[in-house]
Amino acid sequence: LAQLFRPLDLLGMVYRTIRQGVIDMGAMFDLIDTPADVTDAPGAPALTVARGHVRFEGVRFGYDPDRTILDGLDLDVPAGATVAVVGPSGAGKSTLARLLYRFYDVGAGRITIDGQDIAQVTQGSLRAAIGIVPQDTVLFNDTIGYNIAYGREGADDDEVAQAARGAAIAGFIERQPDGYATRVGERGLKLSGGEKQRVAIARTLLKNPPILILDEATSALDSRTEADILATLEAVERGRTTIVIAHRLSTIVAADRIVVLDQGRVAEQGSHAELLRAGGLYAEMWSRQAAERDAALAAA
Ligand code: ATP
């Protein structure tokens, strides 16, 4: 009988969690999606981040054994640099971010941070070193202050306000009648896509991780909001190693390096100008997206 009830218990927990309007990507995966075989190696030490140099070395991975998604991927993200990853839909861009956060273990090869294999250090220390600004931030049905403070356990009001300033959302919050005590979510204030992203940025500022993953929203924000958010993010990226998972090329023109993924491998890499000159896959994607933008403008 106990065996019958255990899955029900788990379902109940998942349901209650979703009902709360949760959740941060990390917590969600911890709860339901982390495969049981992602565990700490016996006696694993904590990760020590000196500068935040991230490397993928010959990484092979597939969700199913019969379908390879990454096929010997090599990727070098120098400490403090911003590297944007682009490529056709389904190329494995988000998968790469999930592997760095160790939601899954690689099938072959390894991922290192400052020379330490991420599979050989504690998951807690790994995840403490990485901040994720996800595509779509889900908020708790709680106050906006709580939603920001969630970035770091024990953060005080001053720290929350400072993070909100860094994410350029403090003014908006202070204009609400209840300020930081304003309730958000289903039963409270509805935030726009851009405002939610700013909450995610404020959380990340509180966490203050040396390594940052920005998973760009697929749905476009209006261009003014997008430009504002990009300016905020630029400040957040300073001094951190940043991987930007980009769906729209217009947002990553200024990245230190752009890496084009195709069929599980790095097809090309370089700066925006270098890749345009090379006239390969990136140049093709750029002219296609430019044509789409022009068509959208003409239709407006
Ligand atoms: P997009 O630009 O469309 O977001 P992407 O490059 O980020 O694409 P991924 O999300 O990394 O692509 O997915 C790569 C491939 O892996 C896709 O074919 C996808 O269907 C598959 N995939 C992603 N997540 C899972 C999963 N949990 N189980 C099985 N297959 C998955």
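Three principal axis extents, largest first, for the C-alpha atoms of the range 60-140, in Å?
34, 32, 26
Volume per residue, Å³, of the convex hull around the alpha-carbon atoms of the range 183-243?
94 Å³
Gap in Å between the Cα centre of the range 135-193 and the Cα centre of the range 231-300?
31 Å
When averaged across all projection directions, what area in nm² does the alpha-carbon convex hull of the range 191-300 cover?
Averaged projected area of the range 191-300's Cα convex hull equals 8.1 nm².
Evaluate the Kirkwood expression for the hydrodynamic radius of the range 81-217, namely the inverse of the mean inverse distance over all pairs of different C-alpha atoms, and round to one decimal in Å.
16.3 Å
Calculate the translational D of the range 136-197 in whole µm² s⁻¹ from Stokes-Einstein, where the hydrodynamic radius comes from the Kirkwood formula applied to all Cα pairs, the temperature is 10 °C and the viscosity 1.306 mPa s.
In µm²/s, the coefficient is 137.
Kindly report the accessible area of the range 44-84 per residue (heavy atoms of protein chains, probe 1.4 Å, no ligands, DNA or RNA), in Å².
On a per-residue basis, the range 44-84 sits at 50 Å².
Quick one: compute the contact order of the chain, relative version, from alpha carbon pairs under 8 angstrom and 6+ residues apart, as a percent.
Result for the chain is 23 percent.
Over the range 105-204, average the accessible area per residue using a 1.4 Å probe and give it in Å², no decimals.
Counting only protein heavy atoms, the per-residue value for the range 105-204 is 45 Å².
For the chain, what value does the Rg/Rh ratio take when both radii are computed over Cα atoms and Rh is the Kirkwood radius, given to two decimals?
0.98
Suppose all protein chains stay in the model; what accessible area per residue would a 1.4 Å probe give for the range 235-300, in Å²?
52 Å²
Summarise the accessible area of the chain (1.4 Å probe, protein heavy atoms) by the percent that is carbon and sulfur.
Using a 1.4 Å probe with all protein chains present, the chain comes out at 51 percent carbon and sulfur.
The values are calculated or read from the model by the stated rules, or taken from the named source; none is laboratory data. The shown structure was predicted, so the numbers you read here are calculated from the model rather than taken from an experiment. Heavy atoms of the whole protein, side chains included, go into the accessibility calculation; ligands, DNA and RNA do not. Shrake-Rupley method; radii C 1.70, N 1.55, O 1.52, S 1.80 Å.
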